[in-house]
1. Can you tell me which condition residue 276 does not meet? The list is (1) modelled with pLDDT of 80 or more; (2) closer than 30 Å to residue 67 by Cα; (3) outside any helix (DSSP H, G or I), and all the others hold.
2. Among 358, 391, which is over 26 Å from residue 181 (Cβ atoms) and either open to solvent by 10 Å² or more (accessible area, probe 1.4 Å) or in contact with a helix residue (DSSP H, G or I) (Cβ under 6 Å, 6 or more places away or on another chain) (or both)?
3. Taking region 354-382, which residues are touching a residue at least 12 places away in the same chain (Cβ under 8 Å), part of a helix (DSSP H, G or I) and not charged (D, E, K, R)?
4. Taking the condition of being open to solvent by 20 Å² or more (accessible area, probe 1.4 Å), assigned to a helix (DSSP H, G or I) and either polar (S, T, N, Q) or in contact with a helix residue (DSSP H, G or I) (Cβ under 7 Å, 6 or more places away or on another chain) (or both), how many residues in region 228-264 meet it?
5. When you go through (1) modelled with pLDDT of 80 or more; (2) within 16 Å of residue 90 (Cβ to Cβ) one by one for residue 332, which number turns out not to apply?
6. From the list 347, 367, pick out the single residue that is open to solvent by 40 Å² or more (accessible area, probe 1.4 Å), among the polar types (S, T, N, Q) and under 30 Å from residue 182 (Cα atoms).
7. Regarding region 68-85, can at least one residue be identified that is free of Cβ contacts under 8 Å to residues at least 24 places away in the same chain, open to solvent by less than 40 Å² (accessible area, probe 1.4 Å) and touching a helix residue (DSSP H, G or I) at 6+ places or on another chain (Cβ under 6 Å)?
8. Check 111, 125 and return the single one that is under 20 Å from the mean Cα position of the chain (by Cα) and either on the phi < 0 side of the Ramachandran plot or in contact (Cβ under 8 Å) with a residue 40 or more places away in the chain (or both).
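The values are calculated or read from the model by the stated rules, or taken from the named source; none is laboratory data. None of the values given here were measured: they were computed from a predicted structure. A quick note on method: Cβ atoms are made from the backbone with ideal geometry, for glycine too, and the neighbour counts reach across all protein chains shown. Just so you know, the surface numbers come from the protein's heavy atoms only, side chains and all, with ligands and any DNA or RNA stripped out. Shrake-Rupley method; radii C 1.70, N 1.55, O 1.52, S 1.80 Å.
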Amino acid sequence: MGLFGLIAIAVNGVIGSGIFVLPATVALLLGPASPAAYIVAALLIALIVLCFAEAGSMLDRTGGPYLYAREAFGSFIGLEVGWMFLLARLAATSAIANAFTAYLGYFWPALGSGAGRAIALTVLLWGLAWLNLVGVKYGSWTVNVLTVVKILPLLLFVLVGFFFVDGTRYQILVLPDAGPLRQASLALIFAFGGFENASVPTEEVKNPTRNLPIALIASITASALLYIAIQIVALGTLPGLANDATPLASAARMFLGPAGAAIITVGAVLSTTGSNSALVLVGPRILYALAQGGQLPRALAQVHPRYRTPHVAVIVFALAAWVIALYGNFAQLVTVSAIARLLFSATTCLAVPVLRRKMPDATRRFTVPGGVVIPALAAMISIWLLTGMNKSQAIAGGVALVSGAVLYLAFRQSQLRASERS
């Protein structure tokens, strides 16, 4: 996998189904000042991206945030981070799969509910699992193609929509109040998240210590510019944006007609497919990395003799995502994914100065400037966003962390019993 493949994985992770509903959510919280929230959130997430870039440039093994945390803080914190990263990927895969069936139902209503929905979920998830099982090259090609194809409708929306924007409906340089900004930022972190997907399949990447930092920084920059442009067009062309269930399709209908709404809907279907393609490529590698580290059954670390892919991990991840997608609640899945993402992002930021001390002679293609200032600031921002959780979100995050601790203790106990028998 080359540089473009890495960028495609990261962009696919960021630009998913969220952007097709997010403009309404942010407009409801911040009104005309909503474009400023994107700018602020992009700057904040860029700090986290810089930390991921340095950590990834020091370690060229598969695992991403799990590997960074394990090397910096030990096996327990490593498993907790790996567990949260895995839950975030499973929850996001299942939630986006449900969004896929909802968008598909626009054209074929029978596929949006009931047995048709189950069939659509099965074809999507197991089809993508098969592509990634027969080789990372085929999975990467799929991600590359879908990245290009799904962005085209969004570029059309922006390029045409700019000519119809009413400049009195938005304010770019007005800073929103801190309370609504924090609530909007939680949603935006979910929307901007996914760049870290590129940090996981490192052992299958050409020159990872050079290409990974470039891919992370390029992908978040491109995604942020596109998001800001989309928000401006949606806000400037659609009256009542804040209360619209399909904001981009409705805005496109205003200046492109019914055909424009259909194009955006097709884009949503391709976008959700592309995002899940990247997630099904990355998710199994977390299982593989945890098994390689001796924290999950070794069977998950098996590599197929012909395809050279972690085939057992691919099958297990696809099965779990399929079951969760069939029976899970979309809102709950999104909440778990957002909280988990903030937790492992903060841990990665804190790991950077620790890894510098532990690995002073490691080859670095990228170093975050300013010493510990940026990692500390990024970690504090992540914690600040977490303090904006409501009670149910906090409970969901706590349950996820406790379940990771139980998993760690249970598997460690089984290892001790096995060593005593031998």
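1. Checking residue 276 against (1) modelled with pLDDT of 80 or more; (2) closer than 30 Å to residue 67 by Cα; (3) outside any helix (DSSP H, G or I), the one that fails is (3).
2. 358 is the lone residue from the list that is over 26 Å from residue 181 (Cβ atoms) and either open to solvent by 10 Å² or more (accessible area, probe 1.4 Å) or in contact with a helix residue (DSSP H, G or I) (Cβ under 6 Å, 6 or more places away or on another chain) (or both).
3. 354, 355, 374, 375, 376, 377, 378, 379, 381, 382
4. Of the residues in region 228-264, 8 are open to solvent by 20 Å² or more (accessible area, probe 1.4 Å), assigned to a helix (DSSP H, G or I) and either polar (S, T, N, Q) or in contact with a helix residue (DSSP H, G or I) (Cβ under 7 Å, 6 or more places away or on another chain) (or both).
5. (1)
6. Sole residue among the options that is open to solvent by 40 Å² or more (accessible area, probe 1.4 Å), among the polar types (S, T, N, Q) and under 30 Å from residue 182 (Cα atoms): 367.
7. no
8. 125
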